[in-house]
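Asks: I am attaching a structure below and will ask some questions about it afterwards.
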Amino acid sequence: MSPPTPHDDRPILHHYGFSPFAEKIRLALGIKGLRWQSVIAPSVMPKPDLVKLTGGYRHIPVLQYGADIYCDTRTILRELDRRHPEPPIDDATRRPVATAIEAWAERDLFWPIARFVSGTNAERVDPQLHVDRAMLRGKPTPSVDRLRTVARRELSRIRPLLPLVEGMLAGGSPWLLGETIGKADLAVYHGLWFLSAMPIDCSSELDPCPAVRAWMARVAAVGHGESEEIPAARALGIAAATRPAPPGDSVADDSLPPLGSQVAIRPDDYATAAVEGRLVRITTDDVAVLRVDPELGETIVHFPRIGYTLKELR
């Protein structure tokens, strides 16, 4: 593995171009005005470098600071705010409403869009993408005709939702929750961004929503900060050459295994491998698992509590 650049503390984002959740974090890096390192990961399995780094987690994006690995956009945004407080993205005053909007946007809005766009583009993308995404959900690979049928069905679900976003912008504020961009904007935007992320552009569905169009242009203008592409081997070398930061304080919570337990954690909604290690931190929002890899040494992998199942290994 390649050695790291000495004293290089820039974040490393593991992502690929058409990933909407990665776009959410690329924009967050832009809001912060950060210089960051970019590792382009495969969009389908196998992903040997990524799963080596995470201990089995295969989803994109993943954010890396040395030997601390942050999985899922919710945990990533919190860590970006902790390390780079200004300007805040998930600020305390707007957090309850922004979190509710995020949950709605990334469930009720995003998934119909994802199925609509993917089905519309069924013959224009790598067939392995359909195989991979079906495996993620433990289902057989759908036919192109089935994907087209699903796309038509999902469009009927999307059209009633877009006026709701238009209505969120009716008050005249530039952003969904006031005068500064925040978590709610990123959560709603990245699903709508996906409408034009594949070869067949589906964004004409936004034509009846001029306020949404103008708002999306403002979000896009934020940009992605300044990035430098590096090979995955260098990112692994950085993890191997550093030690994770001390985990920090934990909260008492008897709904989870006790600190120090050997645990396995995995996303709730996907048929994917669990990450195993020793539970070293519990907060209200996140958990951290210490892993020891023969080549990387100690790493700490951080996950959100919401949307993940944590089990003690006996």
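The values are calculated or read from the model by the stated rules, or taken from the named source; none is laboratory data. From a predicted model like this one, the values you see are computed outputs, not experimental measurements. Glycine also receives a Cβ, built like all others from the backbone with ideal geometry; neighbour counts cover every protein chain displayed. Ligands, DNA and RNA are stripped out before the accessible areas are found, and what is left, the full protein with its side chains, is counted by its heavy atoms. Shrake-Rupley method; radii C 1.70, N 1.55, O 1.52, S 1.80 Å.
Asks: Which translational diffusion coefficient, to the nearest whole µm²/s, is obtained for the chain from the Stokes-Einstein equation, given a Kirkwood hydrodynamic radius over C-alpha pairs, 20 °C and 1.002 mPa s?
Replies: Taking Rh from Cα pairs, D becomes 105 µm²/s.
Asks: Roughly how many debye, to the nearest 20, is the charge dipole of the chain about its Cα centre, given +1 on each Lys and Arg Cβ, -1 on each Asp and Glu Cβ, and no other charges?
Replies: For the chain, the charge dipole is close to 660 debye.
Asks: Please report, as a whole percent, how much of the solvent-accessible surface of the stretch 44-189 comes from carbon and sulfur atoms (probe radius 1.4 Å).
Replies: Within the stretch 44-189, the accessible surface is 58 percent carbon and sulfur.
Asks: At q = 0.10, 0.17, 0.23 Å⁻¹, what log₁₀ I(q)/I(0) does a Debye calculation on the Cα points of the stretch 153-256 give, no solvent, two decimals?
Replies: Treating every Cα as an identical point scatterer, log10 I(q)/I(0) equals -0.52, -0.87, -1.24.
Asks: As an exercise, use a Förster radius of 41 Å and the Cβ-Cβ distance of Ala170 and Glu312 to find the FRET efficiency, rounded to the nearest 0.05.
Replies: 0.25
Asks: If you fit an axis through the alpha-carbon atoms of helix 127-136 and take the longest principal axis of the Cα set of the chain, what angle between them do you get, 0 to 90°, nearest 10?
Replies: 60
Asks: On C-alpha positions alone, give me the angle between the axis of helix 20-32 and the longest principal axis of the chain, in degrees, nearest 10.
Replies: 70
Asks: Which entries in the list Lys47/Lys183; Lys183/Lys311; Lys47/Lys139; Lys52/Lys311 go over 23 Å, if you measure between the two C-alpha atoms of each?
Replies: From the list (Lys47/Lys183; Lys183/Lys311; Lys47/Lys139; Lys52/Lys311), the Cα-Cα distance tops 23 Å for Lys47/Lys183; Lys183/Lys311.
Asks: Where only protein heavy atoms count, and the probe is 1.4 Å, what is the accessible area per residue for the stretch 79-128 in Å²?
Replies: Roughly 51 Å² per residue, with all protein chains present.
Asks: Roughly how big is the stretch 11-139's charge dipole about its Cα centre, with Cβ charges of +1 (Lys, Arg) and -1 (Asp, Glu), in debye to the nearest 20?
Replies: It comes to approximately 140 debye.
Asks: Express the accessible area of the stretch 155-314 per residue in Å², computed with a 1.4 Å probe while the remaining protein chains stay in the model.
Replies: 48
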